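Structure, as C-alpha cells:
The values are calculated or read from the model by the stated rules, or taken from the named source; none is laboratory data. Because the structure is predicted, anything quoted here is derived from the model rather than measured. All Cβ positions, even for glycine, are placed from backbone atoms using ideal geometry, and neighbour counts span all protein chains on display.
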There are 2 protein chains.
Amino acid sequence: MATIYDVAKRAGVSITTVSRVINNYPNVKETTRQHVLSVLKEMSYIPNANAGNLVRKLTSTIAVLVPDITNSFFTTLVRGIEDKANERELSVILGNTDEEAAKEKLYINKFLERRFDGLIIVPVESRGKNLKAVQKQNLPLVIADRDVEGINTDFVSSDNWLGAQLLAQHLLELGHRDIALISGPLEISVFRERAQGFKMVLNDNNISIQDELFLYGPKPSKQVGYELTRKLLASDATPTAIFAGNNSLAIGVVLALQQAGIKVPRDISVTCFDDNDSSSTLDPFFTSVIQPAYMIGYMAAELLLKRLKNNGDTNPTRLILKPELITRHSTASPASSS
Amino acid sequence: MATIYDVAKRAGVSITTVSRVINNYPNVKETTRQHVLSVLKEMSYIPNANAGNLVRKLTSTIAVLVPDITNSFFTTLVRGIEDKANERELSVILGNTDEEAAKEKLYINKFLERRFDGLIIVPVESRGKNLKAVQKQNLPLVIADRDVEGINTDFVSSDNWLGAQLLAQHLLELGHRDIALISGPLEISVFRERAQGFKMVLNDNNISIQDELFLYGPKPSKQVGYELTRKLLASDATPTAIFAGNNSLAIGVVLALQQAGIKVPRDISVTCFDDNDSSSTLDPFFTSVIQPAYMIGYMAAELLLKRLKNNGDTNPTRLILKPELITRHSTASPASSS
DNA sequence: GTGAAAGCGCTAACAG
DNA sequence: CTGTTAGCGCTTTCAC
C-alpha cells in the first residue's frame, strides 16, 4: 500500500505538502494541491490510521457498548448516538456484550488499547469493576440507561420509577389486583427501579404484595421471559395481569401464554417497557411504557462530546428523561372482575 | 497513560525487555519477568495498539460487514465468524451497512484506513464497485451469502436455487397454483436466484407465470414486505400462497395479511427463507428454507484465515452449502382446492 | 538474557 | 507557500 512517501516522491513534493493536501490545510498553492490530489488518486492512496492516531493522540472515534444488539431499544439508542456523533465527524464503533460481564471486559480492553476518544456504555457488570478500569485510564465515559453505583460520570436514562408507576396504575384502573412481575435481575438498576416503582403503587393502593408473583431471571431475554412465565403458570399463583420488565421478556411471556392456550388480553393482560421493533410500528400490540431510546443515545453522545471538548473536566451530569405510557391491545379488564 | 518507556524506567530495564514480557517472549529471566509484570500491573499499563499495529503491519483483527444487524440470519452468521476467528485469537469488528451502498463504502474506507487484516462481507452494492476498492488494496476478502460478479475471491453461500425449488415444490404439493413472490431487488444475487429457482419449478410443472404475482422491492425488510403485500392485495391478483424472499419480508407479509383480516394459513399460505429469531425456537411458525447461517459464517472465516496464512495467494474457493426445508404452520392446502 | 538503535507512516512545530 | 526535522509508542534486528 502506498505511503505518504511514495506519493511525495511521485508528486515531486515533500511529505509535509502531501500531508497538508490530505488534511485539507489551506496553505497550499492551488496548482500544487491539484497535482498532489491527482497523484493521490492515481496511487489509490489510503492514509494509515494507526500512524495518524499515534501522533495525533486522537482517533476521532468513540466506542459504544450495548448488552443486546438484537433489541430494538438498544439499536435505536445507538442510532441516536451515531447521529449526534456524525454531526461532529466522529465515527462510532459498536460492541455487543450479550449481557455478559466477561465480554464487556474484553471489549473494554480492546477499546482501551485502540485509544478511542471516549466510551458510551449500557453496562452489564453492575458493581462497576469494568468501568473503574475505564476511569483509571481517564477515558471519557458516559453511562446510558443503567446506573452503576460508585462510578461518578455523566449518566443518561429515563425515569424508570415513573414508567413503572404508569404501568401499574393503568393495570389497577382496569381492575387488576393480582399482577405478576417478570423481571431481569435486580442487580441491574432499571429492573430494580421498575420493581420498586411497581410495588410502590401497589402499596399506595393497599394491595398486598404476593412474593410468589415476582419472578426475576438472570437476563432480560425472550428465553428467560418464557421460562419464568412457565414457572409462574406451574405455580398456584393466579395473576390476571403480567408486568414484563422489558420488551424481550414480554415476548417470552406471550409465547409461554400462547403455548398454554391463554389468550392475551382476554384471559390475562400483559404490559412491558419499550417497543419491540419496527414491526410494532405496523401492528402495535403491547401496552407499554416507551422510553425515549433515541434521545437517550443522542443526549449521551452530546454529553460525551462536551466532555471531549472540555478535556474531560466537566462536572458529571445526570439526565433523566420522561417515559410515556402507550395503551394498546395487550391489556384489558380482568375477565373475573365483571 | 503509561507508555512502555515509563514502565521500563520504573522497572529499571530497557524497553526491549518490557516489550518481551508484554509479548510473552521466552528469553527473559524469570525474576526479571516477575518484576516487570508487577510494575506493569502497578502502572495499569495498557499497550497502544496503534503503535503496535504500525510496526507489526498487522492488527490481529478482521472486519465484518453485514446489511442488517437486526436480522437473526446475519447475527447468526456473524457468530459463526466470531467463533472461528476467536479460535485463532483474532478480534472481529462489525459494521452494519443497513442495506445501503453508501454506508458500505464509508465502512470499507474506515476499515482500509485502520489496516485490518481481512474483510468478510455480505455485500449490498452488487456491481462490485466497493469491493474493487478492497481488492485494489490487496486486503484479503471473503464474500458471504450474496455473490457479486466481477469480484474473484473466496465465496460462501447456500444453494438458493435448490432452496427456492424445495419451497415451490412444497407449495405445489399442497395444491397451490397461484403463488405470489414478495422479493428483495433482483440486483442482489440471492433474490435473483430464488426467483429463478421458483420460476423454474413453475415452468417444469406447466404453470403459467403471472407477472402481476411477482413483486420486487428495494430492500428485503419488514417494511417493504408489508408494502408489497398491500400492493398485491390491492391488485386483482388472487394468490393462494405467498413466497417471501426472506424472513424480514415474510413478517411484513403476515402483518399486512393480518391487517386485511386474512388468516395464515387458512386463507393463504406463506413461506420464506430463513428463521426469524430466537422466538421462533419457542414458537416456530413459518414453513421456511433454513440456510446454515452459522456454518456460512464459520466457513467464511476459515477461508479468510487460510488466505491470511498463505499471504493471500490461494485460489478463490466457492463453497455452496445445502439449505433445508422445514415445514411448519404457515402453509396448508388452499381453501379453494377442496 | 539484555539493551541500543532503527524505523513503522504520519503530524506538527519550526525555518525559510 | 514549502521543506526539514523531531517525535508518537512500539517491535525488531543486531550486538554484547
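To keep it simple, each residue is scored yes or no on (1) under 22 Å from A:ILE290 (Cα atoms); (2) surrounded by fewer than 22 Cβ atoms within 10 Å (Cβ to Cβ).
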site	(1), (2)
A:VAL224	yes, no
A:GLU227	no, yes
A:LYS231	no, yes
A:ASP236	no, yes
A:THR240	no, no
A:LEU249	yes, no
A:LEU257	no, yes
A:ALA260	no, yes
A:VAL264	yes, yes
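Of the residues making up the stretch B:50-78, those that are over 10 Å from the mean Cα position of the chain (by Cα) and touching a residue at least 60 places away in the same chain (Cβ under 8 Å) are B:ASN53, B:ILE62. Right, A:SER14: surrounded by fewer than 20 Cβ atoms within 10 Å (Cβ to Cβ) and closer than 30 Å to A:LYS103 by Cβ or not? Taking the combined requirement at face value, the residue does not satisfy it.
Of the listed requirements (1) under 26 Å from A:GLU99 (Cβ atoms); (2) in a loop (DSSP other than H, G, I, E, B); (3) out of contact with any strand residue (DSSP E or B) (no Cβ under 6 Å at 6 or more places or on another chain), A:ARG266 misses just one: (1). The residues of the stretch A:59-115 that are of a type in the set (Val, Ile, Thr) and part of a loop (DSSP other than H, G, I, E, B), listed by number, are A:THR59, A:ILE69, A:THR70, A:THR97. Tell me yes or no: at least one residue of the stretch B:61-81 is surrounded by fewer than 18 Cβ atoms within 10 Å (Cβ to Cβ) and under 30 Å from B:ALA144 (Cβ atoms). Looking for residues that are surrounded by fewer than 18 Cβ atoms within 10 Å (Cβ to Cβ) and under 30 Å from B:ALA144 (Cβ atoms), one finds at least one in the stretch B:61-81, hence yes. None of A:VAL7, A:VAL21, A:VAL28, A:VAL39 is farther than 22 Å from B:ARG115 by Cβ, more than 9 Å from chain B (Cβ to nearest Cβ) and either surrounded by 12 or more Cβ atoms within 10 Å (Cβ to Cβ) or away from DNA strand D (no atom under 12 Å from the Cβ) (or both) except A:VAL28.
A:ILE69 passes every criterion in (1) within 11 Å of DNA strand D (Cβ to nearest atom); (2) modelled with pLDDT under 95 apart from (1). For the stretch B:282-338, filtering for residues that are assigned to a helix (DSSP H, G or I), in contact with a Gly (Cβ under 6 Å, 6 or more places away or on another chain), modelled with pLDDT of 95 or more and not aliphatic (A, V, I, L, M) leaves 3.
Being touching a Gly at 6+ places or on another chain (Cβ under 9 Å) and farther than 26 Å from B:THR240 by Cα is true for just one of B:LEU141, B:LEU167. Which residue is that? Step through it out loud before you land on a result.
Details: B:LEU167 fails: farther than 26 Å from B:THR240 by Cα.
So the residue among B:LEU141, B:LEU167 that is touching a Gly at 6+ places or on another chain (Cβ under 9 Å) and farther than 26 Å from B:THR240 by Cα is B:LEU141.
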